[in-house]
Amino acid sequence: QVQLVESGGGLVQAGGSLRLSCAASGRTYRMGWFRQAPGKEREFVAAISWSSITKKYADSVKGRFTISRDNAKNTLYLQMNSLKPEDTAVYSCAAGPNDWGGNDVWSKYDYWGQGTQVTVSS
């Protein structure tokens, strides 16, 4: 069983930065970030393998967001720069199995955090 707790969300002006953290308890392998804005479907943001060698980003955040992890601390991060109003959403971290298949598909993850709100004002 894995428990995930996100932190670091908040209100920021467009062009600003935020760093999200996801503290995990239990063994984790592939991990990812997803987001959901009001009235929209859950959307893939980024994923990272256990070794951090393999990463994947949604086109909408590529070049602005960076996913990373510290396995010694069992913590996942999402550094978000050059934020835009369209990045406003609830961001959730997720833990998946020890394979890379379906890394951008929310149903391929087994454990989820409660989410943290990110609001970007224009």
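The values are calculated or read from the model by the stated rules, or taken from the named source; none is laboratory data. Values in this document were obtained by computation on a predicted structure and should not be read as measured data. Positions of Cβ are backbone-derived with ideal geometry, glycine not excepted, and every protein chain shown enters the neighbour counts. Heads up: the accessible areas ignore ligands, DNA and RNA and are worked out on the full protein's heavy atoms, side chains in. Shrake-Rupley method; radii C 1.70, N 1.55, O 1.52, S 1.80 Å.
Phi angles across region 116-121 convert, under the Karplus curve 6.51 cos²θ - 1.76 cosθ + 1.60 with θ = phi - 60°, into 3J(HN,Hα) values of 9, 7, 10, 10, 10, 8 Hz, Gly and Pro given as x. Coupling constants for region 93-100 follow from the phi torsions by the Karplus curve (6.51 cos²θ - 1.76 cosθ + 1.60, θ = phi - 60°), and in residue order they are 9, 9, 10, x, x, 8, 8, 9 Hz; glycine and proline get x.
For the residues Lys108, Lys62, Lys40, a GNM of the chain with alpha-carbon springs under 10 Å puts the largest fluctuation on Lys40. Within the listed set Gly39, Gly102, Gly26, the Gaussian network model of the chain (springs between alpha-carbon atoms below 10 Å) gives the highest mean-square fluctuation for Gly39. Taking every protein chain into account, the accessible area of the chain amounts to 51 square angstrom per residue (probe 1.4 Å).
Highest mobility in the GNM of the chain, judged by mean-square fluctuation with C-alpha springs under 10 Å and restricted to Ser92, Ser21, Ser51, is found for Ser51.
Among the GluC sites (Glu not before Pro) in region 2-57, those placed in a DSSP loop whose Cβ has at most 13 other Cβ atoms within 10 Å are Glu41. Placing +1 on each Lys and Arg Cβ and -1 on each Asp and Glu Cβ, with no other charges, gives the chain a dipole about its Cα centre of roughly 220 debye. Note on the chain: antiparallel DSSP beta bridges, both residues inside, total approximately 90 percent of the bridges counted. Across the chain, the convex hull enclosing all Cα atoms gives 92 Å³ per residue. Computed 3J(HN,Hα) for region 20-31, one whole-Hz value per residue from the Karplus formula 6.51 cos²θ - 1.76 cosθ + 1.60 where θ = phi - 60°, is 8, 10, 9, 8, 10, 10, x, 6, 10, 10, 5, 9, glycine and proline marked x.
Per-atom-type breakdown for the chain gives carbon and sulfur 48% of the accessible area (1.4 Å probe, protein chains only).
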